[in-house]
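Chemist: Can you keep this structure in mind? I'll have questions shortly.
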Amino acid sequence: MIFRLAMFGAGLLSWTLLEYAVHGWMGHIYNTFVTPIHAVHHRDPRAVFAIGTWLPSVLVAVILLIAFGFGPFIFYLGLLAGFAAYEVIHYRIHFSARLTPVETRLRAHHLVHHLRRPKMCLGVTTSFWDRVFGTEPAGPELAALYASVRSVPRLEGPSNLGILIAALGSARRTS
């Protein structure tokens, strides 16, 4: 049981580095297949959910379980839990009217990335890797950047997931 909890926890913590690598390096720093996909979110911040990645992610989990057993599967479930947390946090950062103090800081961090420094503040669920890799501005500059986005209003209307759900519901009612 302890081993499985440790594997899950290791996967959950590993998510933060994977998030930084995919969003930061593959989405912004280097031009990869992720760059144009992620650019959709920068053009339309309502596109907060990575809808197309969930089915392949679940398929990988099934393959890991069948091929390698519970150890790698439990680690991967930790990664998926981190991804799910990322999806919720990212949605809340853009849309929620009421945020916790931690979310308020993450929102400022993320809005600096969106509106002021697109190659900086690349972490969404944590700013830890930004400090490690030098993509977070230093003290006074960061404070000024956070202050500059404090009054940016939250997004209203449906997210890309909300639009998809509405479209599926509408299609089901008409058939």
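Chemist: Scanning the range 76-98 for residues that are among the charged types (D, E, K, R) and open to solvent by 40 Å² or more (accessible area, probe 1.4 Å), which turns out farthest from residue 14 (Cα to Cα)? Write out each step before concluding.
Modeler: Within the range 76-98, the first condition is being among the charged types (D, E, K, R), and the residues that meet it are 87, 92, 98.
Still in the running and open to solvent by 40 Å² or more (accessible area, probe 1.4 Å): 92, 98.
Values: 92: 22, 98: 28 Å.
Looking at residues that are among the charged types (D, E, K, R) and open to solvent by 40 Å² or more (accessible area, probe 1.4 Å), I get 98.
Chemist: Then there is this: Enumerate the pairs (first residue in the range 135-159 and closer than 14 Å to residue 93 by Cα; second residue anywhere and open to solvent by less than 40 Å² (accessible area, probe 1.4 Å) and in a loop (DSSP other than H, G, I, E, B)) with beta-carbon separation below 9 Å, excluding pairs fewer than 6 apart on the same chain, so at least 6 apart or on different chains.
Modeler: 154/96; 155/45; 155/48; 159/47; 159/48
Chemist: Provide a single number: the residues in the range 1-38 that are closer than 16 Å to residue 110 by Cβ and either modelled with pLDDT of 95 or more or out of contact with any His (no Cβ under 8 Å at 6 or more places or on another chain) (or both). Full working, then the answer.
Modeler: So the first thing to find is which residues in the range 1-38 are closer than 16 Å to residue 110 by Cβ, and the list is 16, 19-20, 22-24, 27-28, 38.
Of the ones still in play, those that are also either modelled with pLDDT of 95 or more or out of contact with any His (no Cβ under 8 Å at 6 or more places or on another chain) (or both) are 16, 19-20, 22, 24.
So the answer is 5.
Chemist: Provide a single number: the residues in the range 16-59 that are open to solvent by 50 Å² or more (accessible area, probe 1.4 Å), among the aromatic types (Phe, Trp, Tyr) and assigned to a loop (DSSP other than H, G, I, E, B). Before the answer, list the steps.
Modeler: Start the filter on the range 16-59 by keeping residues that are open to solvent by 50 Å² or more (accessible area, probe 1.4 Å), which leaves 17-18, 22, 25-26, 29-31, 33, 36-37, 40, 42-44, 46, 51-56, 58-59.
In the following step, the residues that additionally are among the aromatic types (Phe, Trp, Tyr) were identified as 25, 30, 33, 54.
With the extra rule that they be assigned to a loop (DSSP other than H, G, I, E, B), the set shrinks to 30, 33.
Here the count works out to 2.
Chemist: Could you please find all residues in the range 51-77 being farther than 18 Å from residue 5 by Cβ and either in contact (Cβ under 8 Å) with a residue 40 or more places away in the chain or acidic (Asp, Glu) (or both)?
Modeler: Selection gives 51 alone.
Chemist: Where residues in the range 91-139 are of a type in the set (Phe, Trp, Tyr) and modelled with pLDDT of 95 or more, which of them is farthest from residue 150 (Cα to Cα)? Show your work before the answer.
Modeler: Keep residues of the range 91-139 that are of a type in the set (Phe, Trp, Tyr), which gives 91, 95, 128-129, 133.
If we keep only those that are modelled with pLDDT of 95 or more as well, we get 128-129, 133.
Details: 128: 21, 129: 23, 133: 25 Å.
Result: 133.
Chemist: Going by the conditions given, is residue 105 assigned to a loop (DSSP other than H, G, I, E, B), of a type in the set (Lys, Arg) and surrounded by 13 or more Cβ atoms within 10 Å (Cβ to Cβ)?
Modeler: Numbers: assigned to a loop (DSSP other than H, G, I, E, B): no; of a type in the set (Lys, Arg): yes; surrounded by 13 or more Cβ atoms within 10 Å (Cβ to Cβ): yes.
Spelling it out, it is not the case that residue 105 is assigned to a loop (DSSP other than H, G, I, E, B), of a type in the set (Lys, Arg) and surrounded by 13 or more Cβ atoms within 10 Å (Cβ to Cβ).
Chemist: Only one of (1) surrounded by fewer than 20 Cβ atoms within 10 Å (Cβ to Cβ); (2) touching a Phe, Trp or Tyr at 6+ places or on another chain (Cβ under 9 Å) fails for residue 122. Which number is that?
Modeler: Failing condition for residue 122: (1).
The values are calculated or read from the model by the stated rules, or taken from the named source; none is laboratory data. None of these values were measured; they are calculated from a predicted model. Cβ atoms come from the backbone with ideal geometry, glycine included; neighbour counts cover every protein chain shown. The area values use the complete protein model at the heavy-atom level, side chains included, leaving out ligands, DNA and RNA. Shrake-Rupley method; radii C 1.70, N 1.55, O 1.52, S 1.80 Å.
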